[in-house]
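Structure first, then comments.
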Amino acid sequence: GESVGLHLPTLSVQEGDNSIINCAYSNSASDYFIWYKQESGKGPQFIIDIRSNMDKRQGQRVTVLLNKTVKHLSLQIAATQPGDSAVYFCAETRLGFQKLVFGTGTRLLVSP
Amino acid sequence: GAGVSQSPSNKVTEKGKDVELRCDPISGHTALYWYRQSLGQGLEFLIYFQGNSAPDKSGLPSDRFSAERTGGSVSTLTIQRTQQEDSAVYLCASSGRGARGIYEQYFGPGTRLTVT
């Protein structure tokens, strides 16, 4: 079936570095993508979203890039902080559909 | 206001017993979702409620799983005759307000179910 996957299960960075978390999606019909952050013992929390009519969207210290040609999504975190340590999930859907398909997740470890 | 709450936070049960997991969504949210998260895995969609429409049960793994949503608010996920493979964190989410509407799902902290 359709799935969303991630290339790197664990990413370790130093505080202050920029982090890049990648995600591949397989459903070419997906037109809306979301990144979630899940801290230990908590539910996922919305970070940033992007529609398929965009290839880049910026938030506070985060940027999401979408490459529809190769069906690839990435989350860039600038000046990574220890508080950014968490598991990051990408999710895809089609506007008008309510179900999200989540990827496996990437664990980001930030060392002081 | 209050976020999504779930109870219990942890549940240990014996194989073969039935369990009920509760979710209180954010007030006014019309959509409610249940997901299952196994250790080190992503979120597996189970069931989705939207307003008064028939729920989307396409993610329920077997007929031992069922869910209901009473009065368009509180939801209960029931697992009958639990099996060890049911051990996971069960997450509830709701959505319905804000600029992103139904697409911004607010998650509860989850219920960790352990079947011994």
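Before moving on, here are some points about what is shown:
- Residue that is over 29 Å from A:Ile48 (Cα atoms) and within 10 Å of the chain's Cα centre (by Cα), where the choices are B:Thr76, B:Thr111, B:Thr82, B:Thr70: B:Thr76
- Within the option set B:Val12, B:Val19, being β-branched (Val, Ile, Thr) and either surrounded by 14 or more Cβ atoms within 10 Å (Cβ to Cβ) or free of Cβ contacts under 8 Å to residues at least 60 places away in the same chain (or both) holds for one residue only, B:Val19.
- In this structure, A:Glu39 does not qualify as away from chain B (no Cβ under 14 Å) and of a type outside the set (Ser, Thr, Tyr).
- In the range B:51-116, counting only strands (runs of 3 or more DSSP E) that sit wholly within it, the ones holding 2 or more residues that are facing another protein chain (nearest Cβ under 10 Å), touching a residue at least 12 places away in the same chain (Cβ under 8 Å) and crowded, with 19+ Cβ neighbours inside 10 Å span B:88-95.
- Test for B:Glu44: is it open to solvent by 30 Å² or more (accessible area, probe 1.4 Å) and modelled with pLDDT of 95 or more: no
- Selection of the range B:4-41 for residues being of a type in the set (Lys, Arg) and under 16 Å from the mean Cα position of the chain (by Cα) yields B:Lys11, B:Arg22, B:Arg36.
- Selection within the range B:11-39 - more than 18 Å from B:Arg81 (Cα to Cα), within 14 Å of chain A (Cβ to nearest Cβ) and either in contact with a Lys or Arg (Cβ under 9 Å, 6 or more places away or on another chain) or among the aliphatic types (A, V, I, L, M) (or both): B:Cys23, B:Pro25, B:Ile26, B:His29, B:Thr30, B:Ala31, B:Leu32, B:Tyr33, B:Leu39
- Strands (runs of 3 or more DSSP E) contained in the range A:38-112 and holding at least 3 residues under 25 Å from B:Gly108 (Cβ atoms) and either open to solvent by 40 Å² or more (accessible area, probe 1.4 Å) or in contact (Cβ under 8 Å) with a residue 12 or more places away in the chain (or both): A:45-51, A:86-93, A:106-111
- Tally of residues being farther than 29 Å from A:Pro112 by Cβ and touching a strand residue (DSSP E or B) at 6+ places or on another chain (Cβ under 7 Å) across the range A:54-89: 7
- Check on A:Tyr32, within 14 Å of chain B (Cβ to nearest Cβ) and modelled with pLDDT of 95 or more: no
The values are calculated or read from the model by the stated rules, or taken from the named source; none is laboratory data. Since the model is a prediction, treat every value here as computed from it, not as a measurement. Cβ: placed from backbone, ideal geometry, glycine included. Neighbour counts: every protein chain shown. For the accessible areas, the whole protein counts, side chains as well, though only heavy atoms, and no ligand, DNA or RNA atoms are used. Shrake-Rupley method; radii C 1.70, N 1.55, O 1.52, S 1.80 Å.
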